Amino acid sequence: MQGISIVTLSKWVSECRLKAYRKGNNLKSPYLFTREDCLAALQAVTASPYKHERVQRIKSEKDQNLVRKNETSEKLHDLLKIRTKRRAST
């Protein structure tokens, strides 16, 4: 399932929240899932609004940091440009 870690899948299987099948009797063979079982497991999960808000806040903070970085970079570039012009004219 895309977007869900292997650890989460394994946890759901051990908690019987997601049905899993194996090709043979070997315990080391990979899990196999049906589409219907995956959809049922995903529909049973309730999203936490706290987590969503936290992710949005983190994205916002990263955007703000990127803007600050770009502004600082532009200021530094302007300062270096001034120094370069002075050296060229002497």
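What follows draws every value from the coordinates through simple rules; no lab data is involved. No experiment lies behind these values; they were computed from the predicted model shown. All Cβ positions, glycine included, derive from the backbone under ideal geometry; neighbour counts span all protein chains shown.
Here are the numbers for the structure shown:
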read-out	value
Extension reserve of the residue 65-residue 23 stretch, reckoned as 0.36 nm per residue once the Cα distance is removed	10.2 nm
Segment 1-45: relative contact order as a whole-number percent, Cα under 8 Å and 6+ apart	28
Cβ-based net charge around residue 19, under 13 Å, with every Lys or Arg adding one and every Asp or Glu removing one	0
Segment residue 57-residue 79, extension gain: residue separation times 0.36 nm, minus the distance between their alpha carbons	4.6 nm
